[in-house]
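The block underneath contains the structure these notes are about, expressed in structure tokens.
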Amino acid sequence: TTTIRRYDPVKYATPTGTTLTCKGWIQEAALRMLLNNLNPEVAERPDDLIVYGGRGKAARNFESLDLIIKALKHLENDESLLVQSGKPVGILKTHADAPRVLISNSQLVPKWATWEHFDELEKKGLMMYGQMTAGSWIYIGSQGIVQGTYETYAAAANKDFGGTLKGTLNVTAGLGGMGGAQPLAITMNEGVALIAEVEGWRINKRIETRYLDLKMTDIDAAIDRALEAKQKGEALSIGVLCNAVHLLARLIERKIVPDTLTDQTSAHDPLIGYIPHTLTLEQANILRESNPQEYIARSYESMHLHVQHMLTLQSMGAITFDYGNNIRARAKEHGLENAFDFPGFVPAYIRPLFCEGKGPFRWAALSGDPADIAVTDELIANMFPQNESLQRWLKLAKEKIAFQGLPARICWLGQGEREKAGLAFNELVRTGKVKAPIVIGRDHLDTGSVASPNRETEAMPDGSDAVADWPLLNALVNTAGGASWVSLHHGGGVGMGYSIHAGMVIVADGTEAADKRLARVLRNDPGVGVIRHADAGYDLAKDTARKHRLDLDQQLS
Ligand code: NAD
């Protein structure tokens with residue numbers, strides 16, 4: 001007998017405040033962050049336990065969820081809970097400094113690492129797709145993607161436009177779950193965003209949440225308005241109701257060259273994601289059902305032309321990059337040999353940050369009180385006064401980002417900075433300046449925690465794109481260092497067979513023991529990234545390694 005279970009908002013409400021429901025703050029933090037991931041304000045489809053990113057889940061099924069909750073409440077301060085693809089499978093004796101939870105999600109032996117095999121196992125109830133922060137209980141809603149996108153455009157601004165996108169035209173497409181962050185990230189960097197989107201409701205939704213400024217339906221009028229804003233140096237975002245291919249074709253016809261050009265349509269999925277330019281939305285919805293083969297063929301044709309237009313605009317002078325949706329691979333599969341002539345966003349913009357140990361550092365207030373995040377915001381702002389893009393982000397985040405679930409903040413910090421911030425947070429907890437412990441984590445898209453050859457590790461200078469020893473070492477050293485929970489996942493971001501990545505979360509509970517763990521983990525975790533990038537040959541990473549005594553020659557001399 002199978003009963004259909006639904007998310008129960010009362011039963012699964014995230015505990016807040018200072019009263020423990022578990023036997024220690026670390027277990028309590030894991031419990032609160034797990035339930036926070038599933039909070040309907042945070043999760044996309046809590047009834048299916050899906051947090052984000054297609055089918056990224058926090059627990060395998062409701063039975064497993066109930067059992068994880070029970071286990072976390074039962075767990076002693078010298079024990080560790082093992083979670084295997086979203087299901088709790090055992091509690092083992094460890095020690096006080098060991099992680100309280102060890103998680104492995106979606107791991108398959110490489111030869112079996114395909115969606116087909118995974119789907120079979122999932123149907124049998126044997127596996128779950130953990131994505132990155134879904135199955136490792138540190139997703140914080142859309143703030144994460146806004147900040148990552150902001151950081152990418154800030155890096156573009158620094159590299160090519162003297163530090164700001166003011167007076168630049170930035171063209172892209174797709175205003176979906178993730179792509180919807182683009183207009184806000186571009187205007188936060190003071191630029192003009194012109195974004196093609198086929199579905200009207202998506203544009204409306206972004207306007208309602210104040211991520212987007214204007215909706216327009218006429219392509220030429222939208223281009224004209226964007227050029228006017230560019231000329232005036234106005235920060236403005238325009239969603240234009242059309243197919244990306246049509247917008248790009250018109251730009252080419254009018255010889256208008258965007259300053260930056262990318263794309264966030266769901267090109268990773270040619271059937272349920274991408275909408276071909278030869279179909280209207282209505283026709284697309286019908287054909288997808290009636291003749292999926294024909295639909296996919298049209299998608300591929302369209303993506304081929306889409307990338308061709310991007311290459312044309314690139315040759316006319318647009319700074320063009322792929323935004324992690326695999327559109328280049330799709331075009332190449334359809335015979336466009338030079339599809340990879342424009343780079344992915346990581347080698348183009350993010351890699352230098354990784355070389356300095358920078359990555360998506362984030363934290364949440366377990367008290368549930370936004371005032372606690374205000375205290376941490378102020379602390380971070382005072383701690384890194386020289387970091388301009390960080391200062392701008394903190395100011396804008398306060399104005400524009402609504403908290404979802406537990407109040408949280410994200411900002412990119414590098415080697416040395418993360419440690420400093422973590423210890424300062426622990427001090428805030430110790431001295432009662434915040435009401436309850438702070439939980440610190442990061443995305444798996446980070447400097448030392450992921451191997452993903454079409455994304456995070458694309459085009460490494462020594463050709464080590466597919467080497468996955470690094471995320472494994474990262475998980476091992478974070479376990480050894482005493483992170484609060486550690487996770488090792490497969491397939492996040494780009495799908496089965498394409499990535500291996502690790503997560504870590506650490507709790508600042510105000511104790512001296514936590515000081516020691518924080519100092520170790522927040523040094524070692526980005527440290528693996530600095531070492532990895534130095535090993536691949538980056539001078540910036542070698543300098544960072546020397547500066548922070550992560551360099552083996554120096555350590556051995
Ligand atoms: P989504 O499915 O929620 O949204 C995609 C949007 O694109 C939809 O609104 C759809 O109507 C629109 N669209 C599809 N085809 C179009 C076309 N030809 N022209 C104009 N609009 C079109 O997906 P999402 O969560 O927003 O993610 C988008 C893509 O970006 C995915 O492939 C995702 O993997 C990728 N992504 C990568 C990163 C990264 O690497 N950092 C981050 C976020 C998203």
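Points worth noting:
- Volume per residue of the convex hull around the Cα atoms, evaluated for segment 194-239, comes out as 54 Å³.
- In degrees, nearest ten, helix 244-253 long axis to first principal axis of the chain (Cα): 50
- Take the Kirkwood radius over Cα pairs of the chain, plug it into Stokes-Einstein at 20 °C and 1.002 mPa s, and you get 89 µm²/s for translational diffusion.
- Annotation: lysines with alpha-carbon distance below 22 angstrom to Lys87 (same-chain offsets under eight excluded): Lys11, Lys23, Lys57, Lys70, Lys73, Lys123, Lys124.
- FRET efficiency for Glu512 and Lys398, using Cβ-Cβ distance with R0 set to 30 Å, rounded to 0.05: 0.40
- In nm, spacing of pseudo-spin labels at Leu281 and Lys232 (7 Å Cα→C-beta vector): 2.8
- Only helices enter this figure: runs of n ≥ 4 DSSP H residues, each worth -39500 (n - 2.57), summed and divided by the residues of the chain, yield -13000 deg cm²/dmol at 222 nm to the nearest 500.
- Where Rh is the Kirkwood radius over Cα pairs, Rg/Rh for segment 319-376: 1.28
- With distances taken between every two different alpha-carbon atoms, segment 351-444 has a Kirkwood hydrodynamic radius of 13.5 Å.
- Between Ala371 and Arg5, the contour length at 0.36 nm per residue exceeds the Cα-Cα span by 128.2 nm.
- Phi to ³J(HN,Hα) by Karplus 6.51 cos²θ - 1.76 cosθ + 1.60 over segment 408-421, Hz, x for Gly, Pro: 8, 9, 10, 7, 7, 10, x, 4, x, 6, 5, 4, 4, 5
- Protection proxy ranking, peptides 542-554, 518-530, average beta carbon neighbours within 10 Å, highest first: 518-530, 542-554
- Using 0.36 nm per residue and subtracting the Cα-Cα separation, the extra length available between Thr217 and Gln107 on full extension is 35.1 nm.
- Projecting label points 7 angstrom from Cα along Cα→Cβ for Leu126 and Ser557 puts them 5.3 nm apart.
- Selection of trypsin sites (Lys or Arg not before Pro), segment 92-191, meeting DSSP coil and at most 12 other Cβ within 10 Å: Lys124
- Per-residue 3J(HN,Hα) values for segment 202-210, derived from phi via the Karplus relation 6.51 cos²θ - 1.76 cosθ + 1.60 with θ = phi - 60°, read 5, 5, 4, 4, 5, 5, 4, 8, 6 Hz in sequence order (x marks Gly and Pro).
- P(r) tail, segment 143-342: Cα-Cα pairs separated by more than 22 Å, 43% of all pairs.
- The modelled label-to-label distance for the pair Glu427/Ala297, using points 7 Å beyond Cα in the direction of Cβ, is 6.7 nm.
- Between segment 212-242 and segment 50-83, the alpha-carbon center distance in angstrom: 46
- For Asp224 and Glu337, the difference between the fully extended length at 0.36 nm per residue and the C-alpha to C-alpha distance is 37.3 nm.
- The value for segment 265-361 of Rg(Cα) / (2.2 N^0.38 Å) is 1.26.
Since every read-out is calculated from the coordinates, none of them should be taken as a lab result. Just so you know, these numbers come straight off a predicted model, no measurement behind them. When we count neighbours, we look across all protein chains shown, and the Cβ atoms used for this are built from the backbone with ideal geometry, even at glycine.
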